[in-house]
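For reference, the structure is listed below as structure tokens.
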Amino acid sequence: MAARFVAGEKTAIQVASLLHEGGLDHVTEEHLLQRLLRSQEGKVSLPPPLARGAAYIVTGKAAPGNAAGYDMPAPRPQGGAQPAAVAPLWPASHRQAAQRVDKEALDRWGFSDTRFAAQRIDGRPAVQITSRRYGAIGEQPLYQLWEFFPRQLGVSLSVRDTMPEAPLPEVPAPAAGLLAHLAAAVPEARVRSDAASRLRAGTGHGLADIWRLRTRDASRRVPDAVVRPETEEEVGAVLRAARDSGFAVIPVGGRTNVTSATACPSRDADPRPFVSMDMRGLAQVLWVNPEDGMACIEAGITGVALKDALQQHGVTMGMEPDSMEFSTLGGWISTRASGMKRARYGNIEEMVVEVRVMTAEGVLWQHNGDASAAASSCGAHGGAVGGGT
């Protein structure tokens, strides 16, 4: 029996060391216990009573001010050098509400107030970003960027007046009776049928989509309407209306796809009316459990808003694709997205514990929100993992 206690404590020390090396500064008894109870290839690594005792002993030894602490090396930068200060690309001022305030550009990447403009500044040609959204380079003349094009790419540039934007093309009227069906499912103010909303929802950021938008080509079919639910119940109501009334629904988030994933099929292929469901109305972090490295997050939250929300709890998801200003959690999950910190945190499929899916018949939810039932999927790096709603 004594040998089992010693082996249990040794295992607990090893697991706690892995958590600490993974970036978790303070390992609590409950967190360590959950890790020790994880099933490994169908077998429990430690019996629950022994795991509880080992977690209690090891975390007690690691308590501040206890001279009997166990040996866990503190994480340090590679090569022994201190990391240099880095200015954040995503300003803290763009908090959770930013995604509902900032206006996205329709026919190009980015926000409507931000573009590269070629102009003469102090008599010299330069490229300038038209907003202060990106810190030090905002509204500053970038002379070297101008010089880069002819020197490195062999492309000659000239400063000219800004071309006026052409009006949006006309789109066909929505299918008869469709708007009434949608207004019965969600408040009428969140049902849109204007050209800009429908063109946005039916296109992505692939070259073909951007070209059609820039040239105002409306030959391709667009959704009949766009609906923006803000609760799970409203999502269900729209899906039930689709089932009962015979229209199709395509979910859309940040519109950063490059594969025409949100495009409507031609009327020859599918004559049903099509509705785009804008998921950005569901954009809340419902709860965060830092000890277990888990969070419950709605599918429509954008990457920047999610990063800011989790930062308030002292955790990170570690998922930072280039599109994170616009792309959403639901989009990441549905496309198995990857990010710049993949080597450290993994891809999205390695972070997801479970998803809650709404259908016209009701909710699909594998573990019904029981975090312990899915504990083997939980990351050990101290970052919150997400379940989309």
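Residue by residue, here is whether (1) over 19 Å from L168 (Cβ atoms); (2) over 24 Å from the mean Cα position of the chain (by Cα); (3) basic (K, R) holds:
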position: R216; (1), (2), (3): no, yes, yes
position: R221; (1), (2), (3): no, yes, yes
position: V226; (1), (2), (3): no, no, no
position: E233; (1), (2), (3): yes, no, no
position: V238; (1), (2), (3): yes, no, no
position: A248; (1), (2), (3): yes, yes, no
position: G254; (1), (2), (3): yes, no, no
position: D268; (1), (2), (3): yes, yes, no
Exercise. If we scan the range 175-198, do we find a residue that is more than 28 Å from the chain's Cα centre (by Cα), surrounded by 10 or more Cβ atoms within 10 Å (Cβ to Cβ), under 28 Å from W211 (Cβ atoms) and modelled with pLDDT of 85 or more?
Worked result: yes
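Mind checking which residues of the range 270-292 are among the aliphatic types (A, V, I, L, M) and either crowded, with 21+ Cβ neighbours inside 10 Å or more than 21 Å from the chain's Cα centre (by Cα) (or both)?
Kept after step one, since they are among the aliphatic types (A, V, I, L, M), are these residues of the range 270-292: 275, 277, 279, 282-283, 285-286, 288.
Passing the criteria: V275, M277, M279, L282, A283, V285.
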Seminar exercise, completed: In the range 126-150, anything part of a strand (DSSP E or B) and either over 26 Å from the mean Cα position of the chain (by Cα) or touching a residue at least 24 places away in the same chain (Cβ under 8 Å) (or both) is listed as A126, V127, Q128, P141, L142
Seminar exercise, completed: Filtering the range 13-28 for residues that are in a helix (DSSP H, G or I) and modelled with pLDDT under 80 leaves a count of 3
For this session: Residue by residue through the range 205-240, note down the ones that are surrounded by 15 or more Cβ atoms within 10 Å (Cβ to Cβ), out of contact with any strand residue (DSSP E or B) (no Cβ under 9 Å at 6 or more places or on another chain) and of a type in the set (G, A, S).
Result: G206, A218, A237
Exercise. Just for the range 88-128: of the residues that are surrounded by 14 or more Cβ atoms within 10 Å (Cβ to Cβ) and modelled with pLDDT under 50, which one is nearest to D209 (Cα to Cα)?
Worked result: Q99
Exercise. D270: assigned to a loop (DSSP other than H, G, I, E, B), modelled with pLDDT of 95 or more and not aliphatic (A, V, I, L, M), yes or no?
Worked result: yes
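The values are calculated or read from the model by the stated rules, or taken from the named source; none is laboratory data. Predicted, not measured: the structure shown is a model, and the values here were computed from it. Every residue, glycine as well, gets a Cβ built from its backbone with ideal geometry; the counts of neighbours run over all protein chains shown.
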